[in-house]
Amino acid sequence: MSSGMDRIWGEVKRRILPVDRKDAVARAKAAAAAAIPGLELPLSSMHLLERDGQVAEPPLRKRPRPFQDGQPMTDHLLERSSDLQDLAERYNPVNSLVQRGRNREAMAGDWDSCAGQLTRALSPRKLQDPTHVFCATPDRFVVVRLEGRLSRGEIGPRSEVAWQLPRQNLAWVRGRNDIRHNTHELGFTDGSWTTVLFTSDGWHALGKTFPQRLGYRDARPGSTD
């Protein structure tokens, strides 16, 4: 009885007390590093990553289903319900007009381009928002998806590689702090680009690993403006 009450009280405290974000980020990076076998990555080579809110959400059929192995049937049923809700919202004419106004100049390329594939990886079908960690390895860039919501301090236990790209296929990075702090455009060698948010501290160290780095006053490569 006592142990049961201890567990309940521990859960209550976890939900009402503020999360130590620095500790949660460190645990997320450690879990991401463990998901890439054969490498020992410094924490400075990893950064939390999100899709920018102005980038269009991919069509339902293009969004990945995270953590498929061992997913309970109840989760599949709830996920299906969530998919139907997403579909209804997508075809709501009011939502379509609002979304169309928000999505300008946030991404270029189709859903199978490098930018499109990254955006798809950051837009899984989900019951709860997973955590994504961008990792710079010696030969490629990798996004690891972690189960759990970082804002609640929940990390794991499941993880998976959501996206990866050879380093030479990332052509440029353009800072967009004029829009929002930590906002960046990532441009690829196939001509596509997308907008993301690097949401943890330590951008300076990670930024050094990128190729051509641009400021928001610099013209976007390939732009006709």
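Would you check if there is a residue in the stretch 157-172 being free of Cβ contacts under 8 Å to residues at least 24 places away in the same chain, of a type outside the set (Lys, Arg) and not in a loop (DSSP other than H, G, I, E, B)? Within the stretch 157-172, one or more residues are free of Cβ contacts under 8 Å to residues at least 24 places away in the same chain, of a type outside the set (Lys, Arg) and not in a loop (DSSP other than H, G, I, E, B).
Annotation for the stretch 117-138: no member residue is more than 13 Å from the chain's Cα centre (by Cα), modelled with pLDDT of 95 or more and closer than 10 Å to GLN164 by Cα. Only residues that are modelled with pLDDT of 85 or more, on the phi < 0 side of the Ramachandran plot and part of a loop (DSSP other than H, G, I, E, B) were counted in the stretch 185-210, giving 5. Residues in the stretch 65-90 that are assigned to a loop (DSSP other than H, G, I, E, B), open to solvent by 40 Å² or more (accessible area, probe 1.4 Å) and either closer than 21 Å to GLY116 by Cα or modelled with pLDDT of 50 or more (or both): ARG65, GLN68, ASP69, GLY70. Taken together, ARG145, ARG125 contain a single residue that is under 23 Å from PRO59 (Cα atoms), touching a residue at least 12 places away in the same chain (Cβ under 8 Å) and touching a His at 6+ places or on another chain (Cβ under 7 Å), which is ARG145. For the stretch 211-221, the criterion of being within 20 Å of ASP110 (Cα to Cα) and either modelled with pLDDT of 85 or more or in a helix (DSSP H, G or I) (or both) is satisfied by at least one residue. If you filter the stretch 182-225 down to residues that are free of Cβ contacts under 8 Å to residues at least 12 places away in the same chain and more than 18 Å from VAL25 (Cα to Cα), you find that the one that is least open to solvent (accessible area, probe 1.4 Å) is SER223.
Being of a type in the set (Gly, Ala, Ser), farther than 19 Å from LYS208 by Cα and in contact with a Ser or Thr (Cβ under 8 Å, 6 or more places away or on another chain) holds for only one residue in GLY156, GLY148, and it is GLY148.
The values are calculated or read from the model by the stated rules, or taken from the named source; none is laboratory data. If you're wondering where the values come from, they're calculated on a predicted model, not measured in any experiment. Backbone-built Cβ (ideal geometry, glycine too); neighbour counts: all protein chains shown. What goes into the accessible areas is simple: the full protein's heavy atoms, side chains included, and nothing from ligands, DNA or RNA. Shrake-Rupley method; radii C 1.70, N 1.55, O 1.52, S 1.80 Å.
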